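First up is the structure itself, then whatever we jot down about it.
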Amino acid sequence: GNSTQWPSTLNVAATWDPALAKEFGIAMGEEWWKKGTNVLEGPGINVMRIPHNGRTFEYISGEDPTLGATMAGAVVRGIQSNRGVMANAKHYIACDEDTQRATEWGSREIRREVHYLSTPFKRQLRNYIKDRHMYASCVLM
């Protein structure tokens with residue numbers, strides 16, 4: 001079938017316009033609903049830490065957890081305003097590398113960063129996404 005080529009959520013976040021982000025979410029939710037889907041796997045709200053990560057473009061947080069916490073909520077509200085389409089926030093804290101992510105990235109000291117990196121996730125859990133999150137297959141050491 002046909003699909004819309006959506007801008008990356010990082011581009012949407014760069015506007016710092018929650019009203020625009022909500023409209024973006026509404027439009028995506030409507031398309032998903034028309035395709036017969038009830039779960040939209042996004043937005044990606046991980047905080048970007050590694051610029052060459054292959055998923056950087058899809059993280060609405062960019063390098064700023066406050067930006068992600070603000071803009072992701074607007075996208076989620078838009079997505080979930082559509083007749084039962086559910087947003088699925090992803091990829092959990094510090095899951096920012098796809099190459100050997102189950103072993104290699106955990107060697108960095110991450111514990112002190114968890115509070116900082118979890119800001120977008122905490123806000124989504126409290127305010128917007130009550131039912132669904134995509135968890136990571138990463139190892140925290």
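The values are calculated or read from the model by the stated rules, or taken from the named source; none is laboratory data. Here the structure is a predicted model, which is why all the values come from computation and not from measurement. Quick reminder, even Gly has a Cβ in these numbers, built from the backbone with ideal geometry, and neighbours come from all protein chains shown. To get the accessible areas, we keep the full protein, side chains included, count just its heavy atoms, and leave off ligands, DNA and RNA. Shrake-Rupley method; radii C 1.70, N 1.55, O 1.52, S 1.80 Å.
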Has the stretch 70-85 got at least one residue that is within 17 Å of Pro120 (Cα to Cα), assigned to a loop (DSSP other than H, G, I, E, B) and not β-branched (Val, Ile, Thr)? no
Restricted to the stretch 1-59, and to residues that are aliphatic (A, V, I, L, M) and part of a loop (DSSP other than H, G, I, E, B), which residue is most open to solvent (accessible area, probe 1.4 Å)? Ala14
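Please verify whether the stretch 88-105 includes one or more residues that are touching a helix residue (DSSP H, G or I) at 6+ places or on another chain (Cβ under 6 Å), β-branched (Val, Ile, Thr), modelled with pLDDT of 80 or more and part of a loop (DSSP other than H, G, I, E, B). So that I can check it myself, show each step before the final result.
In the first step, residues of the stretch 88-105 are kept if they are touching a helix residue (DSSP H, G or I) at 6+ places or on another chain (Cβ under 6 Å); the result is 89, 93-94, 97.
Narrowing the set further to residues that are β-branched (Val, Ile, Thr) leaves 93.
Adding the requirement that they be modelled with pLDDT of 80 or more leaves none.
No, the stretch 88-105 has no match at all.
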Test Leu20 against the stated conditions and say whether it is under 13 Å from Gln80 (Cβ atoms) and out of contact with any Cys (no Cβ under 7 Å at 6 or more places or on another chain). no
Flag if Ala72 is at pLDDT 85 or above and surrounded by 18 or more Cβ atoms within 10 Å (Cβ to Cβ): yes
